[in-house]
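S.K.: Questions regarding the structure given below will be posed in turn.
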Amino acid sequence: MSKKWKLAEPIPDNFTDQFPDINPIVLQLLYNRGIVTQEAIDEFFNADFIADICDPYVLIDMERAVKRIFRAVDNNEEVLIYGDYDADGVTSSALLYDIFTQIGLRPEVYIPQRETEGYGLNEGAVKEIIDRKFSLVVTCDCGVSNFDEVELFNNAGVDVIITDHHKEPEKLPNAYAIIHPGLARENYKTKNLAGVGVAYKLASGIIKSELFVKSEAEKEKSLKWLLDLVAIGSVTDMVPLIGENRTLVKYGLIVLKKTRRLGLQQLYEIAGTNVNKINSNTIGFQIGPRLNAAGRMDRANNAFELLKTNNLETAIKISRELNISNSKRQDLTNKIVSEAKSQIDCVDEDTKFIFVRDKKWNLGIIGLVAGKLSQEYYRPSFVLGHDNKYWVCSCRSIDEVDIMEEVILKFKDKLIRFGGHKSAAGFSIPDENLEYVQNVIKNELDKKLENVELKPSLKVEAELNLSDIDWNLWDSLDKFEPFGVENPEPKFLLKNCIIKEISTMGADKSHLRITLEQNGIIKRAVGFGFANKFPDLKIGDKIDLVVTISINEWNGNRNIEIYINDINNFNKNV
């Protein structure tokens with residue numbers, strides 16, 4: 001599907017005048033990210049672990065939670081960490097396990113099974129935990145919507161500390177303490193920490209406490225060695241990588257390169273990770289998918305064990321298992337995508353959403369399938385499987401629709417459970433309500449998208465000339481790492497470039513290498529998969545391109561590389 005190019009608004013003159021010493025291209029990128037003050041620019045480019053990380057004790061329940069945890073240490077209590085099955089939940093669980101063992105607790109960790117238990121606390125697990133005589137339960141990446149389950153714990157005399165970052169419900173649970181920066185009651189600066197970021201706040205509260213009897217230097221080391229987990233969970237959960245999140249991930253990437261965790265070291269080896277070049281893409285495409293594969297294909301406990309083990313043989317064994325699970329996950333995703341497409345008759349301008357279902361589909365995969373369908377057809381996509389009791393739906397949306405606020409909340413009274421964000425959400429629903437819900441979805445999206453051109457957009461940050469692309473520009477762009485949500489890898493527009501040479505690359509000749517000329521400047525660009533997309537391109541054609549700029553290192557040589565994202569507006573043999 002062709003894309004709409006959306007070029008960012010040029011920066012206003014008064015903004016340029018404020019910062020005359022900053023490269024105009026860099027200034028445009030900062031403006032696009034809402035970084036418009038000297039303080040914000042300094043924080044963005046010079047992340048400081050001490051200055052930029054917010055005080056955990058700003059959170060209302062932090063002191064109460066920390067004191068309760070140390071009381072558990074003093075009384076030798078049975079403590080349970082209740083996590084979630086995705087990479088954010090698993091890293092949160094491993095982080096709390098790490099800090100709890102440092103202070104003398106011997107916690108157990110419970111991670112629910114995706115297909116049979118679903119997300120968050122559930123009644124069956126709660127009853128089992130009560131029967132096993134735990135006196136303190138600490139949740140991570142879940143719990144804020146579990147009012148009834150927390151009441152069951154309260155009635156049994158079990159204290160619950162919630163650490164979570166999901167949408168605030170109408171009624172908060174009566175937990176012993178709730179650590180959640182996004183709650184309306186909180187004045188915490190960063191509202192959008194990942195689940196692992198919130199768990200890290202609790203760990204920070206513990207480490208900063210006078211009850212954590214170590215020197216200031218040792219405390220700082222303890223804080224920093226947890227950041228490898230924070231980086232993984234934050235990137236995989238796609239939180240905005242600006243402000244405090246950016247600082248946490250930036251330092252976390254440093255720790256990932258020298259992590260002490262045997263499991264991560266073995267995962268690097270089996271994934272072919274170049275340790276010296278670990279960045280947010282490494283997490284997104286190598287580490288994260290393998291950790292997530294455990295919860296999607298079986299139980300997430302395997303991923304948790306990998307992150308906590310101190311045994312090399314165990315680390316090797318689990319890393320291999322996760323790699324196999326990830327390969328099976330890829331194959332199964334492709335299979336279900338194909339089956340889902342067979343249910344889609346035709347997608348035209350009257351089609352406002354995708355809705356497919358099959359009782360046999362793996363519930364750990366349907367979210368990935370929804371994402372692929374939404375990306376390919378550029379429609380909100382609802383993919384449903386069945387847990388032998390209810391239909392379970394994963395939804396992925398498009399830029400124009402807040403799937404939670406504008407759709408799911410319209411029929412929440414018909415659901416067993418629901419949760420998520422504006423771009424990704426899910427719910428469980430009884431069979432008898434399915435037709436009603438599908439009709440509500442249709443009505444809401446028909447209204448919302450009535451006059452909307454359903455075509456994906458490509459956000460372009462600035463127009464460049466070929467002459468702008470040099471080592472000075474690259475050095476400036478490199479400072480924008482780590483890339484992620486709200487700080488994407490910059491895409492640039494190149495206009496009126498003439499093709500001087502063109503050739504195919506790769507075993508299947510599906511990639512293009514193009515030599516471009518613009519105003520007498522000649523540079524080469526690479527387009528992966530573009531030979532099939534643009535088979536008619538010829539020498540002499542004049543084209544506009546959207547590109548990213550990177551570095552290609554090969555045999556000791558280091559060159560600036562231009563990577564093509566899209567081609568448009570080409571005129572034959574100008």
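Read-outs throughout are calculated quantities, based only on the coordinates presented, and are distinct from any laboratory measurement. Since this is a predicted model, take the numbers as computed values, not measurements. Here the Cβ positions follow ideal geometry from the backbone for every residue, glycine too, while neighbour counts run over all protein chains shown.
S.K.: Counting other Cβ atoms within 10 Å, which trypsin sites (Lys or Arg not before Pro) in the range 87-143 have at most 12 and lie in a DSSP loop? The partial results should precede the final answer.
M.R.: Numbers: sites: Arg114, Lys127, Arg132, Lys133; in loops: Arg132, Lys133.
Within the range 87-143, the qualifying trypsin sites (Lys or Arg not before Pro) (loop, at most 12 other Cβ atoms within 10 Å) are Arg132, Lys133.
S.K.: Ala217 to Lys410: FRET efficiency via 1/(1 + (r/R0)^6), r the Cβ-Cβ distance, R0 45 Å, to the nearest 0.05? Don't skip to the end; give the middle numbers.
M.R.: Details: r = 54 Å, r/R0 = 1.20.
Using R0 = 45 Å, I get an efficiency of 0.25.
S.K.: With +1 on each Lys and Arg Cβ and -1 on each Asp and Glu Cβ, and nothing else charged, work out how big the dipole of the chain is about its Cα centre, in Debye to the nearest 20.
M.R.: Working: 72 positive and 86 negative charges, 282 e Å.
Roughly 1360 debye, rounded to the nearest 20.
S.K.: What are the trypsin sites (Lys or Arg not before Pro) within the range 303-371 that DSSP puts in a loop, where the Cβ has at most 15 other Cβ atoms within 10 Å?
M.R.: Answer in residue order: Lys359, Lys360.
S.K.: The range 152-179 to the range 365-412: how many Å between their Cα centroids?
M.R.: Result: 27 Å between the Cα centres.
S.K.: Beyond a 26 Å Cα-Cα separation, which of these cross-linked pairs lie in this structure: Lys189/Lys257; Lys250/Lys328; Lys67/Lys219?
M.R.: Lys189/Lys257; Lys250/Lys328
S.K.: For q = 0.09, 0.14, 0.16 Å⁻¹, what log10 I(q)/I(0) does the range 56-323 give under the Debye formula with an equal point scatterer on each alpha carbon and no solvent?
M.R.: Debye intensities relative to I(0), on a log10 scale: -0.36, -0.93, -1.24.
S.K.: How far is helix 312-342 tilted, in degrees, relative to the longest principal axis of the Cα atoms in the chain, given as a value from 0 to 90 rounded to the nearest 10?
M.R.: Its long axis makes an angle of about 60 degrees.
S.K.: Which of the lysines could a cross-linker bridge to Lys500, judged by Cα under 21 Å and excluding same-chain residues fewer than eight apart?
M.R.: Partners found: Lys509, Lys523, Lys533, Lys538, Lys542, Lys572.
S.K.: Separate question: Please sort by residue number the trypsin sites (Lys or Arg not before Pro) in the range 382-446 whose DSSP state is loop and whose Cβ has at most 13 other Cβ atoms within 10 Å. Working shown, then result.
M.R.: Numbers: sites: Lys389, Arg396, Lys410, Lys412, Lys414, Arg417, Lys422, Lys442; in loops: Lys389, Lys422.
Answer in residue order: Lys389.
S.K.: May I have the pair-distance distribution P(r) for the chain, computed from all Cα-Cα distances with 20 Å bins from 0 and rounded to whole percent?
M.R.: 19, 51, 27, 3, 0
S.K.: Next up: Go through Tyr85, Ile50, Leu27 and say which Cα lies farthest out towards the positive end of the charge dipole of the range 1-106; charges sit on Cβ, +1 for Lys and Arg, -1 for Asp and Glu.
M.R.: Farthest along the dipole direction, towards plus: Tyr85.
S.K.: Which one, Ile365, Ile354, His421, is farthest towards the positive end of the dipole of the range 350-448 when Lys and Arg carry +1 and Asp and Glu -1 on their Cβ?
M.R.: The residue sitting farthest along the positive end of the dipole is Ile365.
S.K.: So, one more: Can you compute 3J(HN,Hα) from phi for each residue in the range 22-27, using the Karplus curve 6.51 cos²θ - 1.76 cosθ + 1.60 with θ = phi - 60°, rounded to whole Hz and x for Gly and Pro?
M.R.: Along the range 22-27, the couplings run 9, 3, x, 5, 4, 4 Hz.
S.K.: Modelled label-to-label distance, Cys346 and Glu435, 7 Å Cα→beta-carbon offset: nm?
M.R.: Reported label-point gap for Cys346 and Glu435 is 2.5 nm.
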